[in-house]
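Student: The structure that follows is given in the form of structure tokens.
Read-outs: derived from the displayed coordinates by stated rules, not from any lab. What you are looking at is a predicted structure, and each value in this text was computed from that prediction instead of being measured. Heads up, the Cβs are rebuilt from the backbone with ideal geometry, glycines too, and the neighbour counts pull from every protein chain shown.
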Amino acid sequence: MDKVKIRLKRSLIGRKKEQKDTVYALGLKKIGSVVEHKKSPEILGMINKVDFLLEIIEG
């Protein structure tokens, strides 16, 4: 399976709890932190939910 790198590019201050929980579930804690996940429907759905806070690094 392909992998996808995700970077948190925007702050979570003032966001809804559901959005914060989704970002934390992806493993992102601070602005600029990067995690790598396998592409799966679950991960892609989580990314789609908060895509305006993230930067996707294909590679």
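Student: Enumerate the pairs (first residue in region 1-16 and part of a loop (DSSP other than H, G, I, E, B); second residue anywhere and small (Gly, Ala, Ser)) with beta-carbon separation below 9 Å, excluding pairs fewer than 6 apart on the same chain, so at least 6 apart or on different chains.
Tutor: What qualifies is MET1/SER40; LYS9/GLY32.
Student: Quick check on GLY32: is it free of Cβ contacts under 8 Å to residues at least 12 places away in the same chain and in a loop (DSSP other than H, G, I, E, B)?
Tutor: So GLY32 does not fit the description; no.
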